[in-house]
Amino acid sequence: MTDVFSRLRSGKKRDLYYERDMSPDTSKKLKKDIKENEKEVHEYLYDCDDVITRDFYMGTTQKHEMALMYIDGLVDKNLVQEEILKSLMLMTRQAPLEHNLGQNFFNMVKEGLLTAADIKEVDNFGEVVLGILSGDTILFMDKFEKALIISTRGWEKRGVQEPTTEAVIRGPREGFTETYRVNIALIRRRLKDPNLKVKTIKLGRHTRTDVGVLFIQGIASPNIVDEVLKRLNTIDVSGVLESGYIEQMIEGDWLSFFPQLRRTERPDVVAACLMEGNVAIVTDNTPFVLLAPGTFLSLFQSPEDYYERWYIASMIRLLRFAAAFFAMTFPALYIAMTAFHPGMLPTDLVLSIAATREGVPFSAVVEAIVMVISLEVLREAGVRLPGPIGQTIGIVGGLVVGEAAVRAGIVSPIMVIVVAVNAISSFAIPNYSVAIGFRLLTFIFIFLATVAGLYGIMLGLLLLTIHLVTLKSFGAHYLSPFVSFRFSEGKDFVVRGPMPSMEIRPGYTRPKDMNRMNDRRHDTTEKMEDENADKQ
Amino acid sequence: MLTNNDKITIPQTVALLITTILATGILALPRNVANAAGSDGWLLVLLAGVISYFSSLIVGALVKRFPGDTFIEYSQKVLGKFPGYILGFILILYFIFVSAMSVRVFSEVMNAFMLINTPRGFIIITMLLSSVYLIRHGIEPIARIGEILLPILIIPIFAMYLTALPRADFSELLPFFDTPVKDLAISTIHTAYNFLGFEILLMIGPYMRSPERVMWTLLFSIGFITLTYLFIVVIVFASIGVEDSRILLWPAMSIIRTIMAPGGVFERLDALALALWTIASFTTINGMYYSGTLAAAHLMGAREFKFFVTIFFPWVYLFSIIPGNPLDTMRWTQISGMAGIVIAIIIPAIILVISIVAKKGGKTS
Amino acid sequence: MNLSYRFFQKIFFPVVLLFATAFVAGCWDYRDIDRRFFVGSVAIDKGPQPGKYNISFLIPIVRAIAGGEGGGGGGGGGGGGEKPVVVESTTAETIIEGARNVALRLNRDLFFEHMRIVLIGEEVAREGLEPFINPFMRQTEFNRRSRIAIAVGEAKKVMEVRPVVEKLPAAYMESLYGNATHSGKFVAGDLGDFLHQIHAFNGNALVSKITPDSSEVNIGGGAVIKHFKLAGWLSEEETQGVNFFLGKITGGSVTIDNSRGKCTFVILNAQRSLQLTADGPVPEFQLKVNVTGNVSETSEGLSMDTRNEEIIEILVSEKIRSEILKGLARLQDDYRVDVIRLGEFLHKYYPRLWKNYKDRWEDIFSDVKISVSVTTDIQNIGVSK
């Protein structure tokens, strides 16, 4: 198809320059002649002006011709100079090389001369080109059909900073960065366990993004791991720029309002979830790590739930559920209550609401829709603009315009309160993208409430429940602890049980090893208390 | 011959049974028992619960006797191909009719208390569509949704009626045992209509993960239902009196209108209560409708039941608009109740007896 | 292809359907809150010709209640001069018809779920209540928790009272009924109780009485309904007596006066027990009432000691007993109607016996002998001796 179009566009002459497939080919082997190799690589990286080639001769005899190739900016120049050029060009002079080493010369260089840490031997152009593009340095040697990939990756990158979307009061301040290796290291630092497996694959025809699948062998169910790998391998896109690409490609029901993978910026969350039997998907170039299978509950979890004492955690989690409910339904409830069932509200409240609506030209529905939309616009405007201006937008929009609208009698003050409560509730949901989903549902609920009042809202909630019940994420029920509820594993749902009572892992991942801890309520704690009592 | 391999656990079966049995009929229950036995009405509920439990054991015995078979299969095995076929057809008709009646009663309560001007068709169709959306996903999601909705339904109901306690006058339950025994016996049968719904086990039995515990499942479900009914009847009697219960169409709903939420947040809780009855009704329709489509699929030997879900939709709707007014509906629900007794107790009893005599059926327990 | 088909099947059609229903459906029951009038009270009076009633509705004007500040800027001024409530009257055969009549004159719907009190005129009550009380049962908009009272004179007059202490007359009247802990001299029942009595006792009921004044109403006393017709009034004392009999006293006070001085006894709680003592052709009952309360005011010089305490207890008991007897005498002798639920008592606790009396109960009731004994306990005497 594309061929036809491009031919039509370019006329009869096929423009080789643009038509040629640049994808590196691993079947194409390296040649003996160093110049030919260089030429071939340049053929691949034609018109890539950021590729640097450095030819040099090694040793005192200056007989061994060598070449370095790398991309400017992706490599750590110091590393190239100190660990490669210096050791090959200068150090070798102090200890003259024996001549005619033959094939051993290559090994000599690799094993005896180069002081760089990470070296890999390759024999085809595919890997060579990919290595160059990934920020490695390639060392060609004349008369050898092999080359060395020396890891010299080092580019300007953001350091480990506090995650902005998942801030906590109590808990580690470290968040993931855009660098794959750093992210893996952040997780590895938390799980010093040989069972933590990291499987790296490359995704994206053009981006060739490193994607790592992490899981703990012995906990994670092999079914889920296989399923994740299987789905990842089916992805064939031109690019993966963010984990969102992967998330949307591998989730089961892409029409759902609810993300079926959990995403996080925090290594501690990833570590905790890995220990619950989840599979983590780390994507290069983004600080967001995906966790599968996702559950409805995970949308309401914050790492703090586990760091704080359990009453606090439970209360906050309950609040979040309430907030999510209001984020979906509050304007709808207002409409249902005032326009359909004013008998439910206390008389004084009814009269005062009616009084505030006196003289407002629009019906409550129109008012609600207009207000919710304008609030969404304000929020979006505030997010896009830099900090101080964003705040100004909030103040101008929220206070000035709102106040003016109320004064002018276009909007009733109670509606301002309703919409504000609705918006604030949505911000209490830890997961931003989910919060937006809930706010989208607001419109549907407003519509349902307008047609059939509280019955409409109930119908909407029922449909939502049906959808959630039938939703599955990688074989796990999305509504997990709520369905097939077992009390022993159910200490972590709407409330979070005391830590010592959470002896087993949640069952939705079907972990191979259910035990999280030994039951310490009966032995350890009491023993400690007894010992203390004895001492006194 | 299972259409799919979904299995439901014991708690799910209990939830499914309870939510199926618990329907909008409970709103009228206090009136029925007050008319039948006056202040002894609560006794009627208790008796009907006990009788229903023992009758449901027949269905339970069939489930145990024919593991892996639905009513459609074992009726044909026991009675022969053709009579079994006829019975299966009656069963389908019954399930469809009962789901139509429950959606109809729901729409009437809705029209009376909440959406006075909204056309009945709108309420019925939206309700049925939601139900269709769910049951197309099969037995497991239905059971799971029952599991989720059960606490959401039961806890607020109890909480709501408990707030009526301060106004209650329990001497309304006196005089005790003032009704002739004969009247009690007859009315008990009528009251037992409210316990119908366990007959879905005729179809759903083979989908239970551990059918050997079906007796416990039934005991728990029907026991729970009996307690709930008892609770509501007692509270209704105690708060508005037996005499008013006789007159009001839906006394259990009317007393909610007199309840003020603690703290005065809501002037009255009726709309909230109706939202809850939406759940109760929805789950009942699900159970019945699904059993009907499943029976049809088994009868036709179809591999996929979803087709029948769509086919039955207009029929359920048509059945539901047969009665002209609430009084008519009451008559039709009486008829469906009588049919229910036949379907749920008498026919299974006959099949069970024949199968024992003729030594048909798999393992005997 | 497959995916886009799924998209259409799953998202597009439902959304189109949703909006289609929205356009076709309209919103049958949708009515903005400012398009309703929240009727606070309904009054029923005798109409110009028999079978017709004057029905009045008390309607709050929310614009005036909100007080003008802040809110209704666009509403065209509002202002202080507006009356917070209006009374709309019409002549009709039933309440529902009356409401429909009013709709010809008012641009908003009448909405009854917030109705606080039903007022029935004295004349119309004497003629009979049964023609118009049914909608309170049949219609869901009427709340069983609202109050019902028989007005002395015309019911509309009660409605026209403009209380000084509250803006809304209906809320004012209704809140008076919450004063049971301050006084036992009124009938504290609601519409639900009233309907219950009417249905359970063959049209007999004890209802509240309401007396209008220029800027206040008085709910003291009671009205006795016999066979749906007003039989007569009970005075405040008699009402308190009947309340003692029914065990409905949760407050109030008794003042005694003898040669040694005055004393006000504030009732905290009263417990009663009723017993059947004889079941001959005419049953006999014994009522025991135990009152606890505080001595809260005495004449100067009357100090509390054991002897005085005993005297006060005896005098209070005497006083309460006389109130009860007065109330019983009025009901048994003058009105000959059982609104003290003796029949119900027999029906509940002696169902077999009740069957003998049931048919002749109205005749028997006035001959029933009730012996009353009252005991009083003083709980607190304040902080002075």
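We did not get these values from a lab; they are worked out from the coordinates using the rules stated. Source: prediction; values computed, not measured. Here Cβ is always computed from backbone atoms with ideal geometry, including for glycine, and neighbour counts include all displayed protein chains.
Observations on the structure shown:
- Kirkwood estimate for region B:32-133, i.e. one over the average of 1/r between Cα atoms, Å: 17.2 Å
- Solvent-free Debye scattering, log10 I(q)/I(0), computed from the Cα coordinates of chain A at q = 0.05, 0.06, 0.07, 0.10 Å⁻¹: -0.33, -0.46, -0.60, -0.99
- Length-normalised contact order of region A:22-150 in % [C-alpha pairs under 8 Å, at least 6 apart]: 38 percent
- Taking Cα atoms only, the orientation of helix C:236-246 departs from the longest principal axis of chain C by about 90 degrees.
- Dimensionless Rg/Rh of region A:248-339 - Kirkwood Rh, Rg from C-alpha atoms: 1.06
- Degrees separating the helix A:222-234 axis from the principal Cα axis of chain A, which is the longest one: 70 degrees
- Think of each Lys and Arg Cβ as +1 and each Asp and Glu Cβ as -1; about the Cα centre, that makes the dipole of region A:22-150 roughly 480 debye.
- Dividing the radius of gyration of the alpha carbons in region B:4-357 by their Kirkwood radius gives 0.96 for Rg/Rh.
- Note on region C:329-385 and region A:219-286: Cα centroid distance 78 Å, given to the nearest whole angstrom.
- Within region A:440-467: backbone nitrogen closer than 18 Å to the residue A:383 label point (7 Å, Cα to C-beta): A:440-444
- Around the Cα centre of region A:361-453, unit charges on the Cβ atoms of Lys, Arg, Asp and Glu (plus for the first two, minus for the last two) sum to a dipole of about 100 debye.
- On the beta carbon distance between residue B:261 and residue A:46, with R0 = 60 Å, the FRET formula returns roughly 0.20.
- Per-residue mean of C-beta atoms belonging to partner chains within 10 Å, peptide C:193-201: 4
- Anisotropy class of region A:180-305 from Cα gyration tensor, a/c 1.5 cut: rounded
- Helices assigned as whole DSSP H runs in chain B whose Cα atoms extend at least 30 Å along their own long axis and whose mean Kyte-Doolittle hydropathy is -1.0 or higher are found at B:41-65, B:81-113, B:139-162, B:214-247, B:270-300.
- Inter-chain shielding of C:36-49 (mean C-beta neighbours from other protein chains, 10 Å cut-off): 1
- Residue C:210 long-range amide H proximity, modeled H, under 5 Å: C:150, C:151, C:152
- Percent of Cα pairs exceeding the 21 Å cut-off, where the set is region A:312-470: 50 percent
- Inter-probe distance in nm under a simple model that places probes 7 Å from Cα toward Cβ, at residue C:292 and residue B:215: 5.3 nm
- Calculated [222 nm] ellipticity per residue, helices only, for chain A: -13000 deg cm²/dmol; basis is -39500 (n - 2.57) per DSSP H run with n ≥ 4, divided by all residues, nearest 500.
- Relative contact order (percent, whole number), chain B, Cα cutoff 8 Å, 6+ residue spacing: 40 percent
- Residues in region B:305-329 reached by a label modelled at residue C:134 [backbone nitrogen below 18 Å; 7 Å Cα→Cβ]: B:326-328
- Average projection, convex hull of the Cα set of region C:212-322: 10.8 square nanometres.
- Packing-based ranking of A:267-280, A:338-351, B:328-341 yields A:267-280, A:338-351, B:328-341, ordered from highest to lowest mean Cβ neighbour count within 10 Å.
- Stokes-Einstein D in µm²/s, Kirkwood radius over Cα pairs - region A:22-150 at 20 °C with 1.002 mPa s viscosity: 146 µm²/s
- For chain A, the longest principal axis of the alpha carbon atoms and the long axis of helix A:34-44 meet at an angle near 30°.
- Too-long pairs where the Cα-Cα distance tops 32 Å, listed order kept, from A:29/A:63; A:63/A:157; C:262/C:348; C:156/C:226; C:52/C:83: A:63/A:157; C:262/C:348
- Distance between the 7 Å Cα→Cβ label points at residue C:304 and residue A:198: 8.4 nm.
- In the protein assembly as shown the Cα-Cα distances spread across 10 Å bins starting at 0 as 1, 7, 12, 15, 16, 15, 12, 8, 5, 3, 2, 2, 1, 0, 0 percent of all pairs.
- Residue B:354-residue B:93 FRET efficiency (beta carbon distance; Förster radius 22 Å; 0.05 resolution): 0.50
- Across peptide B:123-129, the mean count of Cβ atoms from other chains lying within 10 Å of each residue's own Cβ comes to 3.
- Most mobile of C:29, C:279, C:193 in a GNM of chain C (Cα contacts under 10 Å): C:29
- Annotation for residue A:234 and residue A:167: the two label points, set 7 Å from Cα along the Cα-Cβ direction, are 4.1 nm apart.
- Residue among B:358, B:315, B:284 farthest towards the positive dipole end of region B:245-365, charges placed on Cβ: B:358
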